[in-house]
1. Between Ala154 and Ala22, how many nm apart are label points set 7 Å from Cα along the C-beta direction?
2. So for the pair Glu135, Ile115, with labels modelled 7 Å out along Cα→Cβ, what separation do we get in nm?
3. If you stretched the chain out fully between Asp196 and Leu232, how much longer would it get, using 0.36 nm times the residue separation minus the C-alpha to C-alpha distance?
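Each reported figure results from applying straightforward, stated rules to the coordinates on display, with no laboratory input. Given the structure is predicted, the values throughout are model-derived calculations rather than measurements. All Cβ positions, even for glycine, are placed from backbone atoms using ideal geometry, and neighbour counts span all protein chains on display.
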Amino acid sequence: MIGWLLRTLDDVPADDAWLSAAERVTLAALRVPKRAADFRLGRWTARCVLRAASDAFGAFGAFGAFGAPADARAEWSVRARADGSPEPLLDGEPAPVELSLSHSGGVAMAAVGPIGCRLGCDVELVEPRAEALAELFFTEAEQARIDGLVGVPAERDARVTLVWSAKESALKVLRTGLRADTRSVDVRWRGEPGTDGFAPFEARIGERSLHGAWRREGGRIVTLAVEPPDELRVALGDSPARPIRGNSGADP
């Protein structure tokens, strides 16, 4: 079972009391305002999905990795692993869940899954993109599939965004991110959306095949990739999560 949600810059508390001491040190080192804003947005979105998953999955016994809901006084935080992937912490100790984060244009996505899986998520704004993007970063097979939509600009923009986003999610599963050549991943969309609004895609990396899902979310596309495959996805955006207590002990 995979839980996911979106948050915006407007959702982030104005103060930094909810950040852990280590996160505040990292934030202080970010001199570029956009990077600092993205960092705060990502960390807030992570807390929201972790708390919501603990409430929703733990309370109903549907997500064994959580067991029971975390205590309301528990402090969630996130630190970067050596490979750059986010590691969720509960009261400063590694939590028994997997987490993936993405942000784009003032919107962040967070996804959470059971320990032992490899998880990747991404959110991207659908907009016209330069032809050079596909030429430089897509496989020849992907370019051919995109070229078939040349007479339908809006759909072409969406599919270019989908391919890029799916690559990002797949490379997060591999824990390489964009350090890897994006052309090492070949994305194929297939099938129609299910009842949850997600349609399947396949990301091939050599002999390896990752199965993922994507959906339109307003003017954006969100993608999820997980290994081993998991078809049960739960939107936690409207979950009545308990207040997230800051590390100062005060609710934001």
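1. Roughly 4.6 nm, to one decimal.
2. Simple spin-label model gives 4.9 nm for this pair.
3. 12.0 nm
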